[in-house]
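Undergrad: Would you mind keeping the following structure in view while I ask a few things?
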Amino acid sequence: MKSLLSTASIRNLAALGATATALACGSAPTARHPDGALAGGSARADLPSTPLRLPLELVRARGVVRVRTGADPTWRPLTAGTPMTAVREIEVTRQGAIVAIGHGDAAGRLWLRAGARLRLAQDDQGVYVEALAGKSRLRRSAAAIPVAVASRDGALAITGDVLLAARNDGTTQVLATGARPELADWSLGLEHDQDGAGIGRLEARGASEIGEPLALRKVDVRVKTAGDLAMTEVEHVFFNPAAETREGTFRFPVPDGAILTGMAMEISGRMMEGEIVEREKARAVYEKIVDEMQDPALLEWEQGNWFKLRVFPIEASSEKRVVIRYTTPLARDADGWAYDFTVGLPETGGTSTIGALTVTVDGKVAAKETNVAGGLDLSVPVTTTVAAVMREVRADGTYTAVRVTPARSLFGGHATAGAGARPPRRLVVVFDTSRSTLEGRPLQLELLRTTLGELGDRDRFMVLASDVAVVAHATEMVAATPSAITDAAAFLDGIEPDGASDVGAALAAATRLSPTDIIYIGDGVPTWGELGKAPLAALAAAAGAPIHAALVGKGASTELWADLAGHSGGRAMMVRRSIDAARFALAAAHGGDAGRIRNAHLALDAGASGVLYPNRATTLWDGDTLVAIVHTPTGAPVPASLTLTGDVAGSEVTQQVMLAGAVDTAAVAQRWAVQHLAALDAADAPREEIVKASQDHGVLSRHTSLLVLESDEAYKLHQIERKKAEEQQLAQAPQVTGGDLDTLGARQASLSPDEIQPGDPEIKIPAPRDARSVIVTFPWGETKVAEWDRDVDAWMVRFLIDKDTADGDYQARVTVTHADGRVEVLHLGYTVDTVAPAMRLTATRTADGYRIEARQLATTSSRRKDADRVEVVLPGGEILMLAQTSWGRFEGLWKTAAAAAPVTLRVVVRDHALNQAALELVIGQ
Amino acid sequence: MRKLPFVLLAAALALAATRAAATPAPATSRLSVIAGDREPAGARDAVTDADLAKLRAAVDADAKDRGARFTLVRALHRAGKLDEAVTAARAWRAADAYNLVVVRLLGDLYSELGQRAQARRAYSAVVELLPKDASAQRALASALKQSGDLEAAYERLTAAALMSPDDRRLAFELADVAQRMGRNAEARQRLEAIVGDTATPEAVRYPARQRLAQVYHQLARDQPADAAAMDQAIALLKLTGGSENDIKIYLTWDTDRSDVDLWVTNPTGERVYYQHKQGALGDALYDDITTGYGPESYTAPSARPGTYLVQVNYFGVGRGNISEARGEVVIVLDEGKPGEQRHVLPYRLFNKEDTVTVARINVARGGSR
């Protein structure tokens, strides 16, 4: 291989030249920087052939780390305390690892996710990195040895923090971490002790009252994808080895961003589904049943992302089976979509191994292991088709979700602003020292240290301790050196949490310091001075700087700060754990590394009805996708489009988002409900309203719990409606009659033509016009919602048959939901046929000419006699159409004198699928 | 809206030297007020070191005993050992972080030490811990009023009123503070809203009518051109005994579900209180509020020469967050007359059955009537 310098495009040469020049001068490199979205361009840089000269040091490993050095083709383990030189490739399996490029991160640091493989090289210009597989993260400070990444756009010199992913075309995707901090979660998890992920734990107590974790014999993770969502079901089988019946507490960490949708527990050999019940009622029923020594289970939110299930009884020497269900968004990969699943066994306490683990995604086994210890990090590619517009039709209306990706053109020239290119920052940290921060102080200080630790050498900061008064930690902004950060933390540590929160005074004080960014660390609830949202928003706007808010503590609320952050171009995040703090720090310190739309709003078209979420200002980074969901009540028309507005660097931008072509997708209503519940909560809506919304949509709220009872009778006894049971029944055994369709003038649902080539045929379903929905599910899993077509007086849907579809017979499933809720299902068969018919042609002399016969032959690809048209082109250009006498047989009479010399006739044959072949028939030989 | 200055606020709680806020008595008045105690008799009795040692031992024996903690802090306070009282209170708060009694005690102690900023931080923690609790806002307003920080008290009451928009007693309290801040137009508006609202309980409406009459009188004095209209408005209030009285006393307190009583003993030795509302001298108590906050009012249309003893008794307490009761007695002399005087006397009651003598009103012979 040649040096990158000699093979990169001219543009990239310029970039690297700048780097080299900077190196020669001993100053920071000034090369181009990654932007927030996928890099464009086509040039690909080859790495120099020389391996890494710097030693590669293992900082931390959960997984198995191996390297290849020099010309040696064998993989060798990289272990802690034994740096390796001449490394040219590194790979990590099972779980991730962190490595330093050079001692003391001389050229930066790499985080490698399980499945990652990187090629490393080094020449006099610096270090080169190329992602060969999986995901990784690279961080390099401005003062470190230059590092370039082989991207699709050529060589990108890296300063700051970037995420790398291998593309199918062999290039490396580069994203600014600050723009998409959530994509770096896996790397942040490597830096913190594992407290459990993906699986639950069951601690049982017997007469001794001492809790003991039960062995986890088996975990089955079953995943079904739908659109951009994954529905995960985690089934745990625990074993109680004790000779006594025990009561237990099952704890489960729901992944970030997950919607908990259900749970079930095995009771007397039967899996019983939980129901969402008003929290206090659920507790009362649970206590009553425990008193009666029966089998209830009560799932409630505990803290952070942990849910707690009280289980009783756990029989002696027996297994206990518990199922948790949740919905998460799929991860967007460099080239597609992936389902991420992490099994993290707690490093202290809890279950230490899993007897057997199986992960199945859309019916395919992604992992199957026994005696799993230490965890597993999976990123399973998903071959799903994610529609831009998704829809779910329910009795209460239509829920339409649309993935809104701001066009790159909206960002103008602001899309490629990079970390190294930005001017020095003046950061003001408003640090809540009020009484409510009593318990959250340690996490607040961690946030402060982590966030300030992300600043560059040229950046300055000031901390304002804020409660009823505002106290600055210094008389002027100070450089973000380690000692200055320590001093600031010590200053805050010396202030006992006390007093109320005068947020308005803090914002005014911050504004006076002319900051480039404002960081807020506190519970986010103003309790003193200005309390109104609008006046506080005006104070925040006066600062003219992005506001990033980390909301910490038991009573923490994003209600105010989500708005302030959204308007200003920042982010508001709930921070409950160290990993959240690290994510916030990345977002707050590096959010400016990519272009962004501030004050982004979505709005329904004028006159359109419906409830749209998100309904507040937000910040959209270049490459972000926002899922907007609108609920349109039954009877009201679904809006045709939404409008996205916002501003980029002070200029207003607008983008229309069309809602046409919605594909029926599960869980759209649930996604809407999550945001609706949050809105109700923020508005202090009556408890009853929140409970009803929670139950109607099957989404937990802070006023509801999931309760499992031993039998349907028990639910009835305690007056708990069995919504889950009804759903199950409906899903498993829909009413299939087809009768109503038949009675509609005896017209049949039809697919025209039923023998087809790849393309876009259509299906016509003569369902009643007032049907709630007509949904067609195709054999490959795609669903389409039919539209009412006035012209043909039927529901119509067009679909696309991929050109790679194999010839054969297929069936589409049509589900008609009638106005009264009744469901009818029918199946439409169709044949994909790409092969033209093979024919045997014969000509027989008759008294007045020639009888021409065509007979279809069976072939290896098709035995069907589906030819439907045979035409013969006569010498004068006249067309003789042969008549079909039976399946595959055609004949006709060409009236003519006997041929004096051989005549060649051209015969054109076509089948039902419009496949066509031209043949020749020679007469008169 | 008040804005707090950057860096530690010098904005003040007028915490000390506010024993009784008063308008000056005109030279011609035969009525005068002598301020009494703000705490029950015995609250400041001498405390020996041996007593304190016992109390400390009690706290050491059961660190969770709030009663023992409270008694120790109070004893140190009574003994004048304020720094030690602060230390004991902070130790209590460290172990019982969300107890509002100790939060307020700390505020009181800082106030007495003259540490105004600290006092404000300590007091304000009440609403930080219970930001959506109207009673906490109200309790803090009471502490702030007692410290003389009417502006901050007004903010807290405004916040409480937003949380409990239908609470007419709270509305009355807000109108009262507005009036005391000199915002007569606002006080008029608020009181007229209370009086005009048919949902207002009579126990609040009647004192509101009385206060509204005072406001009308004040507006008439401020704008003589409006005097006729104000007189007409006063007449429409149909106050028993009219709006011009020698003595009017209001009692309010800061705790919900509790019962604090106003006792007024007239020069004949007759106590007018909840069990004996009509005095022989034509004086009368309006209503006995047994569910917290007040107001109770006493009226002596024509004061007799001698001394009127004004006391507050803590009759009972319910399940409120703060068992201690504190509040104010407002004494209006020569009500509705050109020489009207107003005296605001804060008080604190620590235990059920505590009684504090907040003032003596001396009535000289002769005078305007």
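Each value in this text was obtained by applying a stated rule to the coordinates, not by laboratory testing. Keep in mind it's a predicted model, so treat the numbers as computed, not measured. Please note: Cβ atoms are built from the backbone with ideal geometry, for glycine as well, and neighbour counts cover all protein chains shown.
Undergrad: P(r) of segment A:559-599 in 10 Å steps, Cα pairs, percent per bin?
TA: Taking every Cα pair in segment A:559-599, the percentages come to 29, 52, 19.
Undergrad: For segment A:469-560, with equal point scatterers placed on the C-alpha atoms only and solvent neglected, what are the log10 I(q)/I(0) values from the Debye formula at q = 0.18 1/Å, to two decimals?
TA: -0.93
Undergrad: Exposed loop sites here are GluC sites (Glu not before Pro) in DSSP loop states with at most 10 other C-beta atoms within 10 Å. What is the longest stretch of chain A lacking them?
TA: Details: sites that count: A:209, A:292, A:476, A:878.
With a cap of 10 other Cβ atoms within 10 Å, the longest stretch comes to A:477-877.
Undergrad: So if we plug the beta-carbon distance of residue B:238 and residue A:643 into 1/(1 + (r/R0)^6) with R0 = 51 Å, what FRET efficiency do we get, rounded to 0.05?
TA: Computed FRET efficiency for residue B:238 and residue A:643 comes out at 0.25.
Undergrad: Give the angle, between 0 and 90 degrees and rounded to the nearest 10, that separates the Cα long axis of helix A:723-732 from the longest principal axis of the Cα atoms of chain A.
TA: 30 degrees
Undergrad: With charges set only on the Cβ (+1 for Lys and Arg, -1 for Asp and Glu), what does the dipole of the protein assembly as shown come to about its Cα centre, in debye to the nearest 20?
TA: For this selection, approximately 1920 debye.
Undergrad: Compactness ratio of the protein assembly as shown: Cα Rg over 2.2 N^0.38 Å, N = residue count? Before the final figure, lay out each step's value.
TA: On the way: Rg = 40.2 Å, N = 1294, 2.2 N^0.38 = 33.5 Å.
Dividing the Cα radius of gyration by 2.2 N^0.38 Å gives 1.20.
Undergrad: I've got another one for you. Among A:355, A:262, A:342, whose Cα projects farthest towards the positive end of the dipole of segment A:201-382, with charges put on the beta-carbon of Lys, Arg (+1) and Asp, Glu (-1)?
TA: Farthest towards the positive pole: A:355.
Undergrad: Let me ask something additional. In Å, what is the Rg of the alpha-carbon atoms in segment B:166-243, and how long is Dmax?
TA: 11.8, 35
Undergrad: On a 0 to 90 degree scale, rounded to 10, what angle separates helix A:533-543 from the longest Cα axis of chain A?
TA: Rounded to the nearest ten degrees, it is 80.
Undergrad: About the Cα centre of segment A:201-382, how large is the charge dipole given +1 on each Lys and Arg Cβ and -1 on each Asp and Glu Cβ? Please answer in debye to the nearest 20.
TA: 220 debye
Undergrad: Can I ask one more? Rg/Rh for segment A:351-398: what does it come to with C-alpha atoms and Rh from Kirkwood? Mind showing how you got there, number by number?
TA: On the way: Rg = 17.4 Å, Rh = 14.1 Å.
My calculation of the ratio gives 1.23.
Undergrad: Moving on. Say R0 is 51 Å: what FRET efficiency, to the nearest 0.05, do residue B:96 and residue A:605 get from their beta-carbon distance?
TA: Plugging the Cβ-Cβ distance into 1/(1 + (r/R0)^6) gives 0.35.
Undergrad: Residues with beta-carbon under 12 Å from that of residue A:853, excluding residue A:853: net charge, scoring Lys, Arg +1 and Asp, Glu -1?
TA: Numbers: positive: A:840, A:851, A:855, A:889; negative: A:891.
Here the charged neighbours net out to +3.
Undergrad: Normalised by the number of residues in segment A:426-593, what is the relative contact order in percent for Cα pairs under 8 Å and 6+ residues apart?
TA: The normalised contact order for segment A:426-593 reaches 27 percent.
Undergrad: If R0 is 51 Å, what FRET efficiency do you get for residue A:811 and residue A:244 from their C-beta distance, rounded to 0.05?
TA: Details: r = 54 Å, r/R0 = 1.06.
Calculated value: 0.40.
Undergrad: If you don't mind, another one. Just counting partner chain Cβ atoms within 10 Å, what average do the residues of peptide B:116-122 show around their Cβ? Mind dumping the intermediate values first?
TA: Details: counts 0, 4, 2, 0, 7, 12, 4.
Mean number of neighbouring Cβ atoms from other chains: 4.
Undergrad: Still on this structure: Using DSSP to call loops (not H, G, I, E or B), can you name the trypsin sites (Lys or Arg not before Pro) in segment B:211-245 whose Cβ has at most 14 other Cβ atoms within 10 angstrom?
TA: Details: sites: B:211, B:221, B:238; in loops: B:238.
Hits after loop and neighbour filter: B:238.
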